[in-house]
Amino acid sequence: MLLERARHNAEAQVEILESLETFPSTLPTRRDSAYSGWVSISVGCNNTCTFCIVPSLRGKEKDRRPGEILAEIEALVQQGVVEITLLGQNVNSYGVEFGDRLAFGKLLRACGDIEGLERVRFTSPHPAAFTDDVIDAMAETPNVMPSLHMPLQSGSDRVLKEMRRSYRSAKFLGILDRVRERIPHAAITTDLIVGFPGETEEDFQDTLDVVRASRFSSAFTFQYSVRPGTPAATMPDQLPKSVVQQRFDRLIELQEEISWSENRTVEGRTVEVLVAPGEGRKDAETQRLSGRAQDNRLVHFAVPDGAERPRPGDMVEVDVTYGAPHHLVADGALTGGTYRVRRTAGGDAWEALQAGATPGASPKPAVSLGMPSIGKPATPPPSAPACSL
Ligand code: SF4
């Protein structure tokens with residue numbers, strides 16, 4: 001998660017060890033977005049994936065109490081936050097420490113009761129612990145967004161076993177089917193590792209097959225690299241770089257095709273975008289604004305001449321005119337299509353932040369305190385395999 005935050009914030013991140021051992025709600029929290037925030041629900045992990053250093057660094061899973069989490073979210077909403085992302089190494093095993101296997105679904109539903117909270121996201125769930133009550137909670141809680149980032153890592157059951165990932169590809173695909181049945185427009189993303197020690201061409205083909213069947217809207221694809229101290233680091237049959245690179249390129253090519261075709265299915269649809277600064281690198285040049293749709297797709301949209309310009313943190317409804325491989329273009333308003341701006345408390349908070357008036361927020365946090373701190377959620381989702389550091 002440190003990598004995730006560092007990539008997102010484009011600056012080095014540090015954690016204070018003590019802040020990981022408990023959840024000191026008294027620690028000062030600062031954030032770099034007035035309208036969205038991270039909220040940690042657990043730290044540590046009870047799994048033992050052989051490529052991952054988290055279990056030895058972070059130890060067993062520790063869960064925050066639901067009341068404490070909800071109080072933190074309510075406090076954020078009071079300050080104008082309209083979007084939160086629940087964070088944990090393995091969010092859907094949340095509750096294991098206090099003996100409630102249904103705790104994560106209940107937490108999602110409780111988020112649905114918080115007035116003013118418009119968007120709830122979470123990262124990352126683990127396929128082995130993904131139960132139908134969570135799918136039901138996602139489908140039945142209007143402010144839980146129709147997007148799911150669920151790490152597959154490999155489509156080969158043999159490699160999954162070597163990774164000590166306790167689900168198999170059929171189970172993974174079954175979860176996707178049930179999510180799509182309940183939430184037809186859900187955009188599903190994943191993490192994949194190519195070139196795990198001993199991965200054969202046949203194993204890799206299995207990954208390509210599962211990727212084809214999964215229809216991910218995007219995937220974060222990583223070349224396996226040795227992490228000292230992990231069981232996989234000393235496994236025999238580490239693959240030559242050239243083989244890993246070649247498979248990686250083939251996987252990227254396949255996923256690009258799928259991402260593009262999935263994004264084209266959104267053309268013509270009206271989407272609600274949470275406007276965000278800095279999401280569109282070419283916005284100044286193209287005269288567009290940018291943000292994330294409910295399903296977390298990146299949207300660049302045109303503002304008609306003379307129309308109200310939404311502030312970051314506001315919502316705008318626009319028609320998608322083109323699905324590109326990595327984003328959507330929504331220029332429908334230029335030809336008389338939908339263009340509805342809704343000012344939100346998030347936009348108000350952003351405006352106040354510009355004047356330096358939002359409590360707890362600052363243009364840039366001086367120090368990130370690690371898990372208990374809050375900041376702008378990851379968009380797009382994680383930049384390193386699964387629950388990485
Ligand atoms: S990859 Fe995720 S589930 Fe596996 S050990 Fe690491 S933190 Fe836990």
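None of the figures in this text is laboratory data; all of them are computed from the coordinates on show. A quick note: this is a predicted structure, and the numbers were derived from the prediction, not measured. No Cβ is skipped: glycine too gets one built from the backbone with ideal geometry, and neighbour counts run over all protein chains shown.
Sort 223-230, 263-270, 126-133 by packing, meaning the average of other beta carbons within 10 Å per residue, with the highest value first.
126-133, 263-270, 223-230
Along the charge dipole of the stretch 186-227, pointing to its positive end and built from +1/-1 on Cβ of Lys, Arg, Asp and Glu, which listed residue (Val194, Phe204, Ser218) has its Cα farthest out?
Toward the positive end, the furthest listed residue is Ser218.
Taking H placed 1.01 Å from N in the peptide plane, check which residues at least 5 places from Thr85 or on another chain put their amide H under 5 Å from its amide H.
Under 5 Å from the amide H of Thr85 lie the amide H atoms of Gly37, Trp38, Val39, Arg121, each far enough along the sequence or on another chain.
Note the full-extension length gain between Ala233 and Glu201 as 0.36 nm times their separation in residues minus their Cα-Cα distance, in nm to one decimal.
Full extension from Ala233 to Glu201 adds 9.5 nm.
Would you please give the FRET efficiency between Asn46 and Ala307, computed as 1/(1 + (r/R0)^6) with r the Cβ-Cβ distance and R0 = 41 Å, to the nearest 0.05?
E(calc), rounded to 0.05, equals 0.20.
Net charge within 9 Å of Asp331 by Cβ-Cβ distance, Lys/Arg positive one each and Asp/Glu negative one each, not counting Asp331 itself?
0
What does the highest-first list of 239-247, 84-92 look like by mean Cβ count within 10 Å?
Peptide ranking by packing, descending: 84-92, 239-247.
Taking the Cβ-Cβ separation of Lys161 and Ala324 as r and a Förster radius of 41 Å, what is the calculated FRET efficiency to the nearest 0.05?
Between Lys161 and Ala324 the formula returns 0.65.
Measuring from label point to label point, each 7 Å out along Cα→Cβ, what is the Gln245 to Ala284 span in nm?
Reported label-point gap for Gln245 and Ala284 is 3.5 nm.
Give me the net charge for the shell around Val318: Cβ to Cβ below 15 angstrom, other residues only, Lys and Arg +1, Asp and Glu -1.
So the surrounding residues net to -3.
Where does the charge balance sit around Ala139 when Lys and Arg score +1, Asp and Glu -1, over other residues with C-beta under 14 Å from its C-beta?
Spelling it out: positives minus negatives among the neighbours equals -3.
Give, in nm to one decimal, the length gained when the segment between Ala128 and Arg180 is fully stretched (0.36 nm per residue of separation minus the Cα-Cα distance).
In short, 16.9 nm is gained.
Name the trypsin sites (Lys or Arg not before Pro) in the stretch 51-89 that are in a loop by DSSP and that have at most 16 other C-beta atoms within 10 Å, would you?
Here the trypsin sites (Lys or Arg not before Pro) that fit, given the DSSP loop and packing criteria, are Lys60.
Name the aspartates and glutamates eligible as straight-distance cross-link partners of Lys106: C-alpha to C-alpha under 13 Å, and not fewer than 8 places from it in the same chain.
Asp132, Asp133, Asp136, Glu140
Can you figure out the FRET efficiency of Ala170 with Leu102, using R₀ = 30 Å and their beta-carbon distance, to the nearest 0.05?
So, using R0 = 30 Å, E works out to roughly 0.80.
Tell me, in nm to one decimal, what length is gained between Arg269 and Asp113 on full extension, where the rule is 0.36 nm per residue of separation less the Cα-Cα distance?
Extra length from Arg269 to Asp113 when fully extended: 53.4 nm.
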